[in-house]
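Only one structure is covered here, and it is reproduced in the block below.
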């Protein structure tokens with residue numbers, strides 16, 4: 001299944017799938033997000049919307065749980081806003097995505113969240129918007 005928006009019967013380009021860091025930095029308006037990347041997100045959001053894998057929300061919640069991030073906002077409220085935003089495509093995990101995450105090859109790095117994000121993009125025909133050089137170098141997924 002390919003996710004996309006219909007406009008006058010025409011399927012538009014599927015939205016980019018934000019990886020966890022890009023999603024978090026975008027929400028926080030963090031300086032880690034380059035002006036070019038912020039502009040790209042804004043442009044994509046206006047055109048096709050943005051896609052987010054549910055695994056990114058899990059990863060953010062786990063980072064907060066172990067103290068690697070200390071959000072000054074409620075994750076419950078933010079995640080609720082994301083789920084209700086008509087411009088955000090929340091993509092759940094599926095058996096197909098889980099299986100695909102095991103087929104990325106022996107050279108893809110071992111971070112399970114990144115494996116599931118890349119597998120999600122591959123299963124849904126999405127481009128990944130990431131700053132992760134390991135994903136860029138992998139050559140196994142389309143990049144936004």
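The values are calculated or read from the model by the stated rules, or taken from the named source; none is laboratory data. All values reported here derive from a predicted model rather than from experimental measurement. Positions of Cβ are backbone-derived with ideal geometry, glycine not excepted, and every protein chain shown enters the neighbour counts.
Here's a check for you: in the stretch 72-96, which residue that is closer than 22 Å to residue 112 by Cβ and in contact (Cβ under 8 Å) with a residue 40 or more places away in the chain is farthest from the chain's Cα centre (by Cα)?
Pass one, the stretch 72-96, residues closer than 22 Å to residue 112 by Cβ: 75, 79, 82, 89-96.
From what is left, the residues that are in contact (Cβ under 8 Å) with a residue 40 or more places away in the chain are 89, 91, 93.
Details: 89: 10, 91: 9, 93: 12 Å.
Of everything passing the filter in the stretch 72-96, 93 is farthest from the chain's Cα centre (by Cα).
If the condition is being in contact (Cβ under 8 Å) with a residue 60 or more places away in the chain and assigned to a helix (DSSP H, G or I), then the stretch 19-35 contributes 20, 21, 22. Could you tell me whether any residue of the stretch 31-43 is modelled with pLDDT under 90, more than 16 Å from residue 131 (Cα to Cα) and in contact with a strand residue (DSSP E or B) (Cβ under 7 Å, 6 or more places away or on another chain)? The answer is no; no qualifying residue exists. Could we say that residue 108 is out of contact with any strand residue (DSSP E or B) (no Cβ under 8 Å at 6 or more places or on another chain) and within 16 Å of residue 142 (Cβ to Cβ) here? Here the answer is yes, as residue 108 does meet what is asked.
Does residue 61 qualify as being loosely packed, with under 12 Cβ neighbours inside 10 Å and over 21 Å from residue 138 (Cβ atoms)? Give the derivation first.
Details: loosely packed, with under 12 Cβ neighbours inside 10 Å: no; over 21 Å from residue 138 (Cβ atoms): yes.
No.
Restricting attention to the stretch 119-144, the residues that are surrounded by fewer than 18 Cβ atoms within 10 Å (Cβ to Cβ), in contact (Cβ under 8 Å) with a residue 12 or more places away in the chain, closer than 13 Å to residue 19 by Cα and out of contact with any strand residue (DSSP E or B) (no Cβ under 8 Å at 6 or more places or on another chain) add up to 2.
Can you tell me which residue among 94, 102, 53 is more than 14 Å from residue 28 (Cβ to Cβ), in contact with a strand residue (DSSP E or B) (Cβ under 7 Å, 6 or more places away or on another chain) and at pLDDT 95 or above?
Numbers: 94 fails: in contact with a strand residue (DSSP E or B) (Cβ under 7 Å, 6 or more places away or on another chain); 102 fails: in contact with a strand residue (DSSP E or B) (Cβ under 7 Å, 6 or more places away or on another chain).
From the options 94, 102, 53, the qualifying one is 53.
Applying the criterion of being touching a helix residue (DSSP H, G or I) at 6+ places or on another chain (Cβ under 7 Å) and assigned to a strand (DSSP E or B) to the residues of the stretch 67-109, the residue that is surrounded by the fewest Cβ atoms within 10 Å (Cβ to Cβ) is 90.
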